[in-house]
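Everything on this sheet refers to the single structure shown next.
Values quoted throughout were computed directly from the atomic coordinates according to the rules given, and no laboratory measurement underlies them. Keep in mind it's a predicted model, so treat the numbers as computed, not measured. FYI the Cβ positions are ideal-geometry reconstructions off the backbone, even for glycines, and counts take in every protein chain you see.
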């Protein structure tokens, strides 16, 4: 597609997008004083400091200093790139993206991908039909009924049954125009060892379709229903061009809205655990697929909520899996909690025996990550010796190092001291030593950079930029009148951009700002515009004139001081040129007095 086509596409999406409607999907907004306010989704707060200006098309949080336009918000909240956010909003609005001319190889890959998705869709329909409408599916229906899975949930997840036959699926789908080789590529059939043909991978199993976040079937999980010591209880599709376990969570296509609504995600180990919880009315649940929890999984969940609750099996294997997952999630900055299912049960067993209310109580009392790690270490490490105490302490410190609040830190120090029977001073010394050895690199340019600017210069710069945003023609006047070195660098970047908009006879807007400005300047512009509501009035005009004078006056004062210092240097050195310097200082002083 051409650049013009792409620009037109983006402009069309922006024109049809109401920033308040989009943000309201994630944040509860209330109108106050011409703007909308809510609790910021990007940091924890109790008093709303997150503001949206529908007219200007910007949002800004006065607490964590995050700001931008609607696409910047979507990119942050969904944890995706800026252009991916535009495409996401286009999909929601039903706006089709211009087709890019593909190379022959890209066209071939796209056609192949479409065929593979179709193969999985037809297989899902075949298995589902076998379960609900055939005599062969009776054993599958009895299995699901025995686990308390109702027809409604069977329909929700499109659960199915793979009949006991070597080529039942193969025969059915080849009649639909698919080749055995294509079915092999998505893991539905396997090649015989003697290369004489193919056979169905899944037989005599209840079938669970595995979907990507868009709801497309990419793989299957099969649970055997007739005991067979030669076959695994659970069998998943192999990894294919469509299916990568590291990048996919079972049930997320159905759970992402409930997760956003609840404010947290529950992560379980198996898809049957997830299905049982959904059956009981717990919708914000996903499952890993026979693999360890990965950073990619964490990124997926953080699109929808900052809080993640792990509910793995309570046996030793489940606890080890939980311990492996915790550092991965903690590194993302998520709030991490752990539910320990009592009686050594898995979530499926517990909820079928005790019900939703009892499970909700477990979730309500989930342990914070640090407490869980502490209790796990105390239960698995022999700390009766000095060496054991040291080892236990070293196992605990990697998670408590993140605790910076003094009160919480003191409480954990007391807990660890009491549990390991060590002096609090010893705990604190070891804690500090651990922090020194694991000190992160220095961060350059903190996010709230603008607080480092002189308050007077910052305030006047904001006043000027706010006026120029509304009347771009003023950019020429400002740049010819104000000593530009007096402006903060980030304000100068915005001013130059506004001047460029004026020169091109183009009205500045959030789209061009997002495209042309640095991320730092874009956020600063959002903050400046959200600080004031409505069109400029006489008060704003007077403030603008005063701001110009303030900057000029400060520049003249600096110049005057520098001239006097130079004159004094000349006088001390006996240089007669000091007379000319003093005459220049008089001119500057007169100009200063006139301001």
Inset, instruction - Compute the projected area of the convex hull of the Cα atoms of the range 3-93, averaged over all viewing directions, and report it in nm² to one decimal place. - result: 6.0 nm²
Legend entry - Intensity falloff of the range 373-437 expressed as log10 I(q)/I(0), Debye formula with alpha-carbon point scatterers, at q = 0.17 Å⁻¹: -0.52
Legend entry - Inter-label distance, nm, simple model (7 Å from Cα along the C-beta direction), residue 365/residue 480: 7.5 nm
Legend entry - Angle in degrees between helix 538-573 and the longest Cα principal axis of the chain, rounded to the nearest 10: 60 degrees
Legend entry - FRET efficiency estimate (nearest 0.05) - Cβ-Cβ, residue 409 to residue 241, R0 41 angstrom: 0.25
Inset, instruction - With the Cα gyration tensor of the range 180-337 in hand, convert its eigenvalues to equivalent ellipsoid semi-axes via √(5λ) and list them largest first in whole Å. - result: 30, 17, 15
Inset, instruction - Please arrange 200, 545, 167 by counting, for each residue, the other beta carbons lying within 10 Å of its beta carbon, fewest first. - result: 545, 167, 200
Inset, instruction - For residue 507 and residue 296, calculate 0.36 nm times their separation in residues minus their Cα-Cα distance, and state this gained length in nm to one decimal. - result: 71.9 nm
Inset, instruction - Any chance you could run the full-extension gain for residue 516 through residue 24? It's 0.36 nm times the residue separation minus the Cα-Cα distance, nm to one decimal. - result: 174.4 nm
Inset, instruction - Can you tell me the equivalent ellipsoid semi-axes for the range 255-369? Use √(5λ) from the Cα gyration tensor, largest first, whole Å. - result: 20, 16, 13
Legend entry - Cα-based equivalent ellipsoid of the chain: semi-axis lengths in Å, sorted from largest, via gyration tensor: 59, 35, 21
Inset, instruction - Can you put 457, 282 in order of Cβ neighbours within 10 angstrom, beginning with the fewest? - result: 457, 282
Legend entry - 0 to 90° range, to nearest 10: angle between helix 369-380 axis and the chain longest Cα axis: 50 degrees
Inset, instruction - Measure nothing fancy, just the Cα-based angle from helix 406-420's long axis to the longest principal axis of the chain, in degrees from 0 to 90, nearest 10. - result: 40 degrees
Legend entry - Ranking of 234, 304 by count of other Cβ atoms within 10 Å, fewest first: 234, 304
Inset, instruction - Could you give log10 I(q)/I(0) at q = 0.16 Å⁻¹ for the range 304-400, computed by the Debye formula over C-alpha point scatterers of equal weight, without solvent? - result: -0.72
Inset, instruction - Tally the DSSP beta bridges in the chain and give the antiparallel ones as a percent, rounded to 5. - result: 75 percent
